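Structure first, commentary second.
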Amino acid sequence: MQRPLMQRLTTLHFTTLRFTTWLCCAFCCTALSVGSAALCAQENATFTILFLGDSLTEGLGLDDGAAFPDLIAKRFQAEGRSRIKVINGGISATTSASALGLLRWFVRAKPDLLLLSFGGNDGLRGLDVNEMEKNLSATIEFAQQSGIEVALSGMLAPPNMGAEYTSAFAAVFPALAVRYQLPLLPFLLDGVAGNPALNQGDGIHPNSAGERLVADLVWDFLQPLLPNGF
């Protein structure tokens, strides 16, 4: 026996309502699951900083773990910012000519940010300033093409190299920063270079007290470059 029209319409209405409610719940649960997964992935994400340079980065003459990249890594850990990873890619006696080759090797670690700190040995040896600029340019371009953010630290040549050379040398770093739109730390050894109390016997490499000042300088420089949440 066929039910009255009103009863059939009422049944259809409640069936449609139940289906709509089920569909909304299913969509919300799915959205919550996707959102939770994305949040977990974000919370587990890491950010890797590669410090690439010469003996000043490596920490020549200092105890293990006392170079400025290592001091910065310890500070991140002490602040509970363990998702920030630090790689000390300093190699003693290297010049800017080694920068690109070293980066090609370290890129396998998938760094997110590169602090490029070459030039000290170029200046000490009086190497060609134009060649240094070309070497650093090639390294920066490779990093950017690899999806790595780049920051640059400047260096000064010793005054005994002559005014013309030291002026041309110092001008390379701000010029590169402008050309490639890079954050620039004007002088890695600012406040340390030339102070016997803050340097080892060679007058070039910071001692432990000087290295702590370098670490503080670089730490402050890095903070605005880190993404939110780190």
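Once the Cα-Cα distance is subtracted from the 0.36 nm per residue extended length, the residue 146 to residue 109 segment shows a gain of 12.1 nm.
Diffusion of segment 46-224 by Stokes-Einstein, at 20 °C in a medium of 1.002 mPa s and with Rh set to the Kirkwood radius over alpha-carbon pairs, works out to 132 µm²/s.
Put simply, when 131-141, 201-211 are sorted by average Cβ atoms within 10 angstrom per residue, most first, you get 131-141, 201-211.
Full extension of the chain segment joining residue 134 with residue 209 gains 23.6 nm, where the gain is 0.36 nm per residue of separation less the Cα-Cα distance.
Which aspartates and glutamates have a Cα lying under 14 Å from the Cα of residue 110, excluding residues fewer than 8 positions away in the same chain? Cross-link targets: 149.
Residue 49 sits among other residues whose Cβ lies under 9 Å from its own Cβ, and their net charge, with Lys and Arg +1 and Asp and Glu -1, is 0. Count the net charge of all other residues whose Cβ sits under 13 Å from the Cβ of residue 129, scoring Lys and Arg as +1 and Asp and Glu as -1. Overall, the nearby charge balance is -3.
Using the Cβ-Cβ distance between residue 43 and residue 74 with R0 = 30 Å, the FRET efficiency computed as 1/(1 + (r/R0)^6) comes to roughly 0.85. Across segment 40-73, the residues whose backbone nitrogen lies under 18 Å from the label position 7 Å along the beta-carbon direction of residue 85 are 41-52, 69-73.
A short reminder: the numbers here are calculations on the coordinates, not readings from a lab. Computed from a predicted model, the values in this text were never measured in an experiment. Every residue, glycine among them, receives a Cβ derived from its backbone with ideal geometry; neighbour counts consider all protein chains shown.
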